[in-house]
Amino acid sequence: MENTENILKKRIIIFFDCEFSGLHKNTTLISIGLTSSDGKSFYAELNDYDKSQIDIWLENNIISKLLFNDDETIEFYDDSFDNRVGKCDLKTLEIELRTWLDQFEEIEIWSDCLSYDWVLFNDIFGHAFKLPKNIYYIPFDICTLFKIKNIDPDISREEFSESKEHRDKHNALFDAQIIKKCYYKLLNLN
């Protein structure tokens, strides 16, 4: 039986964020960004989210931050920043994301606040029992880590991470990268 220390050494951490069409049970995924502890990234925008749920706040803060401005499909490609990027429907997202996740042996998932993000992540694959086998079944969030470190979980992530850029807040990949910075800073606090 492999000991816990060896298992944790093999496990890669993936930080992710989702943008979606509202804080309600029928919300739909607009975009997802993932970045791994070893620097690999995945970003997808959906062209089949429920546009009837988009209000002025979502238009100004989420839709305006999308890379692609229309409903067409953009085949996945590797951009110059080593990100896997594309725009597709939910079914294609499952295939592309599953393929990207296959490169990792064991995955630990971290997000900001998991309430909606984790449900939407599971929904990409149909439900929790259909997640790729290399994903550890318990997700984690930095809100809890902030609380454990006696820091108000409502703190600005950009300020805490000392990020110089704030203009891309609410772009899923940017937010995933901020979550990653917060995670490592939080781990180094005593």
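Every number here is computed from the coordinates shown, using simple stated rules; none is lab data. Model, not experiment: these values are computed from the prediction. Cβ: placed from backbone, ideal geometry, glycine included. Neighbour counts: every protein chain shown.
Taking one quarter of the surface of the C-alpha convex hull of the range 1-152 gives a mean projected area of 10.6 nm².
For the chain, the 222 nm mean residue ellipticity estimated from helices alone, with every DSSP H stretch of n ≥ 4 adding -39500 (n - 2.57) and the total spread over all residues, rounds to -9500 deg cm²/dmol.
List the residues, sorted by chain then number, that are 5 or more residues from HIS170 or on another chain and whose placed amide H is less than 5 Å from its amide H. Distant-sequence amide H within range of HIS170: ASP175. Dipole magnitude for the chain: about 640 debye, using +1 per Lys or Arg Cβ and -1 per Asp or Glu Cβ, origin at the Cα centre.
Using a Förster distance of 22 angstrom, determine the FRET efficiency expected from the C-beta separation of VAL119 and LYS91, and round it to 0.05. Can you show the working numbers first?
Details: r = 18 Å, r/R0 = 0.82.
Using R0 = 22 Å, I get an efficiency of 0.75.
Count Lys and Arg as plus one, Asp and Glu as minus one, and take only other residues whose Cβ is under 15 Å from that of ILE155; the net charge is then -2.
Fewest-first ordering of LYS40, LYS133 by other beta carbons within 10 Å of each residue's beta carbon gives LYS133, LYS40. Counting beta carbons within 10 Å around each of ASP50, ASP70 and listing the fewest first gives the order ASP70, ASP50.
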